[in-house]
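The values are calculated or read from the model by the stated rules, or taken from the named source; none is laboratory data. The structure displayed is predicted, hence computed values, not measured ones. As a convention, Cβ positions derive from the backbone with ideal geometry for all residues, glycine included, and neighbour counts pool all protein chains shown. Surface areas here come from the heavy atoms of the whole protein model, side chains and all, with no ligands, DNA or RNA. Shrake-Rupley method; radii C 1.70, N 1.55, O 1.52, S 1.80 Å.
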Amino acid sequence: MGEINIRNFRPSDLERVAEIMALAFEGKFQSLAPMPREEMPRFLTETGAVYSSPFPGYVVDEVGGEVVGVLALKWAGQKRPPGEYPIRRAASKYGWRKVLKLFLGLWLLEYKPKPGECYIEHIAVMPGFQGMGIGTRLLEFGEEFARNNKFERPHST
């Protein structure tokens, strides 16, 4: 395994993060918007379902310069750039039903952290790199981030 590096997300990471998310959460995304597996990452980026801009608590894990994992933390009062949801454009390409079902599903699953709580919004590791401790490193990063910022221990629902 090459050099390991957890760092802040960069916009240039978007395609790789979308690929990781599409594979790691394939069952969830396919149940909301069935489509060929290879189309899902583009669908997630074109609908804005994968964050495209950096914000505090949004990190990737690189191994040998390759992004192989992603972690997004969430807390009350967190400053994030406004999301881009090009619904009309995405709906004309993929159909209103798929796009609306995706957003409804994501909205229903959204958790709003309480003040003082740090929540793991998502964590995902590229399938070929699972079982190598990458997810553990990302969780440890989240715990350290929460401790350093005086949050409760991060957790997920």
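Of the trypsin sites (Lys or Arg not before Pro) found in segment 1-106, those that fall in a DSSP loop while having at most 15 other beta-carbon atoms within 10 Å are Lys79.
Running Debye on segment 60-102 with equal point scatterers at the Cα sites and no solvent, what base-10 log of I(q)/I(0) appears at q = 0.23 Å⁻¹? Values, matching the q order: -0.81.
Overall, segment 22-91 carries a charge dipole of about 420 debye about its Cα centre when +1 sits on the Cβ of Lys and Arg and -1 on the Cβ of Asp and Glu, all other atoms neutral. Local charge for Phe129 was computed over the other residues whose Cβ lies under 10 Å away, with Lys and Arg +1 and Asp and Glu -1, and equals -2.
With a simple spin-label model that places each label point 7 Å from the Cα along the Cα-to-Cβ direction, the separation between Lys101 and Lys114 comes to 3.6 nm. Put the Cα centre of segment 1-73 next to the Cα centre of segment 84-133 and the gap is 10 Å. Of the GluC sites (Glu not before Pro) found in segment 30-93, those in coil by DSSP whose Cβ has at most 16 other Cβ atoms within 10 Å are Glu84. Expressed as a whole percent, the accessible area of the chain that falls on carbon and sulfur atoms is 54 (1.4 Å probe). Comparing Ile134, Ile87, Ile123 in a Gaussian network model of the chain, where Cα atoms under 10 Å apart are tied by springs, the biggest mean-square fluctuation is seen for Ile87.
Solvent exposure of the chain amounts to 56 Å² per residue of accessible area, where only protein heavy atoms count and the probe is 1.4 Å. Toward the positive end of the charge dipole of segment 73-140, with +1 on the Cβ of Lys and Arg and -1 on the Cβ of Asp and Glu, the farthest Cα among Leu104, Thr136, Ser92 is that of Ser92. Put a plus charge on the Cβ of each Lys and Arg, a minus charge on the Cβ of each Asp and Glu, and nothing anywhere else: the dipole of the chain about its Cα centre is then about 740 debye. Dividing the summed -39500 (n - 2.57) terms of all DSSP H runs of n ≥ 4 by the residue count of the chain sets its mean residue ellipticity at 222 nm at -12000 deg cm²/dmol. For Phe25 and Lys93, the difference between the fully extended length at 0.36 nm per residue and the C-alpha to C-alpha distance is 22.3 nm.
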